[in-house]
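Visitor: Structure below; questions to follow.
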Ligand code: ADP
Ligand code: MG
């Protein structure tokens with residue numbers, strides 16, 4: 001059985017003046033997969049993401065999300081649809097004048113009549129889910145490190161318990177430890193809540209270890225889509241860029257490393273078991 005398609009991008013074309021960004025681009029995203037968009041700087045990844053969340057319109061083509069054709073969407077259905085996805089933008093997008101907790105609670109304040117105390121509780125739970133300490137809720141965005149900022153934006157994107165999550169470069173600019181933490185978080189969200197996750201990233205470790213499928217954008221189209229192992233067999237220069245060079249090979253080797261041996265019970269645990 002084919003997995004359910006939750007996003008269908010069909011023949012999308014986008015231009016800014018004379019500059020053609022998408023030229024008849026097709027792709028589909030399936031439910032509960034981690035789907036990565038890669039491509040050179042300026043290849044139209046962020047623009048495509050904004051189109052999928054109805055912030056921008058392509059010049060032609062069609063985008064269906066959760067069974068709804070975005071080109072045919074009225075204002076009220078758009079509002080309802082927006083509550084079914086969460087977005088984390090490239091630069092965080094938190095409001096500087098609000099605390100972290102107020103930022104996380106904002107979508108709930110805008111879209112629900114829930115009492116303030118309950119909104120605070122939900123915001124605290126999302127904060128904890130993303131691995132931030134409770135005290136961080138009282139801080140302002142300017143007081144956060146890069147990794148904390150990404151986690152806080154992720155917590156806000158999760159405020160309304162979305163089915164779909166869109167992440168634009170969630171680990172860009174983070175040190176390897178913080179980036180690894182965000183990677184684990186993304187995996188947990190998919191495994192625990194069955195979220196469908198569309199992520200723009202350059203992070204080779206993420207691509208090898210987390211992405212179910214990767215779409216490579218170049219020259220206005222998707223030049224290839226598949227797992228990294230599948231893409232490795234393809235020849236387009238934009239795809240080869242993912243595999244050639246020392247950093248690419250290191251990420252591939254890290255992914256090929258066999259998992260650590262399964263933990264066996266320690267002697268004391270074994271001894272405490274009744275025989
Ligand atoms: P990516 O995220 O892949 O780096 P973007 O989607 O941000 O690329 O941008 C693709 C191209 O479109 C870039 O050349 C960018 O300068 C251009 N572009 C994006 N948004 C606009 C806009 N609002 N007006 C004019 N040009 C834009
Ligand atoms: Mg971008």
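Values in this text are rule-based calculations from the coordinates and carry no lab data. All values derive from a computational prediction rather than experimental measurement. Reconstructed Cβ throughout: ideal geometry from the backbone, glycine too, with neighbour counts over all protein chains shown.
Visitor: Could you go through region 22-29 and let me know if any residue there is part of a strand (DSSP E or B), touching a residue at least 60 places away in the same chain (Cβ under 8 Å), under 22 Å from residue 195 (Cα atoms) and within 16 Å of ligand 1 (Cβ to nearest atom).
Guide: Yes: one or more hits.
Visitor: Right, residue 20: more than 16 Å from ligand 2 (Cβ to nearest atom) and surrounded by 21 or more Cβ atoms within 10 Å (Cβ to Cβ) or not?
Guide: Numbers: more than 16 Å from ligand 2 (Cβ to nearest atom): yes; surrounded by 21 or more Cβ atoms within 10 Å (Cβ to Cβ): no.
For residue 20, the condition - more than 16 Å from ligand 2 (Cβ to nearest atom) and surrounded by 21 or more Cβ atoms within 10 Å (Cβ to Cβ) - is not met.
Visitor: Exactly one of (1) in contact (Cβ under 8 Å) with a residue 60 or more places away in the chain; (2) touching a helix residue (DSSP H, G or I) at 6+ places or on another chain (Cβ under 6 Å); (3) within 30 Å of residue 127 (Cα to Cα); (4) within 14 Å of ligand 1 (Cβ to nearest atom) is unmet by residue 86. Its number?
Guide: Checking residue 86 against (1) in contact (Cβ under 8 Å) with a residue 60 or more places away in the chain; (2) touching a helix residue (DSSP H, G or I) at 6+ places or on another chain (Cβ under 6 Å); (3) within 30 Å of residue 127 (Cα to Cα); (4) within 14 Å of ligand 1 (Cβ to nearest atom), the one that fails is (4).
Visitor: Scan region 32-53 and report the pairs whose first residue is touching a residue at least 24 places away in the same chain (Cβ under 8 Å) and whose second residue is near ligand 2 (Cβ under 8 Å from one of its atoms) and outside any loop (DSSP other than H, G, I, E, B), with Cβ atoms within less than 7 Å and a gap of 6+ or a chain change.
Guide: Matching pairs, first to second residue: 37/45; 37/200; 39/45; 45/200; 46/168; 46/200; 49/168; 49/200.
Visitor: Moving on to the next point. Determine which member of the set 185, 165, 189, 195 is without any contact (Cβ under 8 Å) to a residue 40 or more places away in the chain, closer than 27 Å to residue 95 by Cβ and more than 16 Å from ligand 2 (Cβ to nearest atom).
Guide: The unique qualifying residue is 189.
Visitor: State whether one or more residues within region 172-180 are closer than 27 Å to residue 4 by Cα and outside any strand (DSSP E or B). Outline the logic, then answer.
Guide: Quick first cut of region 172-180, residues closer than 27 Å to residue 4 by Cα only: none.
No: zero hits.
Visitor: Give me the residue from region 58-77 that is within 21 Å of the chain's Cα centre (by Cα) and surrounded by fewer than 17 Cβ atoms within 10 Å (Cβ to Cβ) and, out of that set, farthest from ligand 1 (Cβ to nearest atom).
Guide: Looking at residues that are within 21 Å of the chain's Cα centre (by Cα) and surrounded by fewer than 17 Cβ atoms within 10 Å (Cβ to Cβ), I get 67.
Visitor: Applying the selection to region 9-21, what residues are in contact with a strand residue (DSSP E or B) (Cβ under 8 Å, 6 or more places away or on another chain) and either more than 30 Å from residue 194 (Cβ to Cβ) or near ligand 1 (Cβ under 7 Å from one of its atoms) (or both)?
Guide: 13, 14, 15, 20, 21, listed by residue number.
Visitor: Same structure again: Within region 30-60, how many residues turn out to be under 22 Å from residue 186 (Cβ atoms), away from ligand 2 (no atom under 14 Å from the Cβ) and part of a strand (DSSP E or B)?
Guide: 3
Visitor: Under 20 Å from the mean Cα position of the chain (by Cα), within 12 Å of ligand 1 (Cβ to nearest atom) and surrounded by 14 or more Cβ atoms within 10 Å (Cβ to Cβ): which single residue out of 55, 94, 49, 81 fits that description?
Guide: Exactly one residue qualifies, and that residue is 49.
Visitor: Restricting attention to region 170-182, which residues are touching a residue at least 60 places away in the same chain (Cβ under 8 Å) and buried (at least 20 other Cβ atoms within 10 Å of the Cβ)?
Guide: Pass one, region 170-182, residues touching a residue at least 60 places away in the same chain (Cβ under 8 Å): 170, 172.
The answer is 170, and nothing else.
Visitor: Out of curiosity, is residue 159 away from ligand 1 (no atom under 16 Å from the Cβ), within 27 Å of residue 34 (Cα to Cα) and in a helix (DSSP H, G or I)?
Guide: Criteria not met by residue 159.
Visitor: Looking at region 184-199, can you tell me whether even one residue there is assigned to a loop (DSSP other than H, G, I, E, B), surrounded by 17 or more Cβ atoms within 10 Å (Cβ to Cβ) and within 16 Å of ligand 1 (Cβ to nearest atom)? Lay out the reasoning, then the answer.
Guide: Restricting attention to region 184-199, the residues satisfying the condition of being assigned to a loop (DSSP other than H, G, I, E, B) are 194-195.
If we keep only those that are surrounded by 17 or more Cβ atoms within 10 Å (Cβ to Cβ) too, we end up with 195.
Next cut, within 16 Å of ligand 1 (Cβ to nearest atom) only: none.
No; the residues of region 184-199 include none that is assigned to a loop (DSSP other than H, G, I, E, B), surrounded by 17 or more Cβ atoms within 10 Å (Cβ to Cβ) and within 16 Å of ligand 1 (Cβ to nearest atom).
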